[in-house]
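Right, I'll just put the structure down here and ask away after.
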Amino acid sequence: MCDMDDPLELKASFLTHYSNHHDESTTASDSLEAALQQLLSAGRNTWPGFSLCPLVFVKYLASRVSGPTSVLKTLSELHGSDLYLACACAHRLPQALSAFDKNYLSFVKVWIARIDTSPAFADDVCQSLREKLFIPQRSGFGKISEYSGRGQLLSWLRVAAMRTAIDISRMNGPQRRVKGDKIVDHIVISGSLP
């Protein structure tokens, strides 16, 4: 059943898992089929090294669409290829986890260099991130499943990496605490990293 690419089947699966079943414009729309197919294609084209069941991905998408905004508008704003990777990682596909390590975690060392430049510190941060993101919690998924797709996955990971680095730095001693707090203050005040 996971080989299914039938747009009607994708739409039916989405609507089964979509929380606002009363949105008449969505249930009647052929545009929904096209939007789902476009997000699926974006993921597959960006990540050809693994295959995620389309129905699993569509269910994952449905869980990210809520609120009064139009479903089609929300779907058009999602980062499909990032969500595809996040979904595959949440389902612990080995090739997806490897792709995440290679294409995303490889940036952590650069991001956290203002806190601590040692390779051991970067390794600790990466390992802590892997545990937080991929080890299942009560929901059955790791924290990677909290990525909404509304912003870039790389930006979301950068914030998580900085928070993790600051937490680890604080645990390692008071000297790091001052430098880490200044970075957090800068993030909160300016919305960006120094």
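How about segment 33-140: which helices (runs of 4 or more DSSP H) wholly inside it have at least 2 residues that are without any contact (Cβ under 8 Å) to a residue 24 or more places away in the chain, of a type outside the set (A, V, I, L, M) and surrounded by fewer than 20 Cβ atoms within 10 Å (Cβ to Cβ)? First the steps, then the outcome.
Working: elements: 54-62, 71-77, 80-90, 94-103, 108-111, 119-134.
Because the criterion is at least 2 residues that are without any contact (Cβ under 8 Å) to a residue 24 or more places away in the chain, of a type outside the set (A, V, I, L, M) and surrounded by fewer than 20 Cβ atoms within 10 Å (Cβ to Cβ), the helices (runs of 4 or more DSSP H) in segment 33-140 that meet it are 71-77, 94-103, 119-134.
Another one. Any residue that is under 26 Å from Q37 (Cβ atoms) and of a type outside the set (A, V, I, L, M, F, W, C) - is there at least one of those in segment 111-134?
no
If L72 passes every condition in (1) more than 17 Å from A160 (Cβ to Cβ); (2) under 16 Å from the mean Cα position of the chain (by Cα); (3) not β-branched (V, I, T) but one, which one does it miss?
(2)
Note down all Cβ pairs under 8 Å where the first residue falls in segment 141-156 and is modelled with pLDDT of 90 or more, the second is β-branched (V, I, T), and they're at least six residues apart or on different chains.
Sorted first by the residue in segment 141-156, then by its partner, the pairs are G142/I135.
The values are calculated or read from the model by the stated rules, or taken from the named source; none is laboratory data. For clarity, every value in this text was computed on a predicted model and none was experimentally measured. Note: ideal-geometry Cβ built from the backbone for every residue, glycine included; neighbour counts use all protein chains shown.
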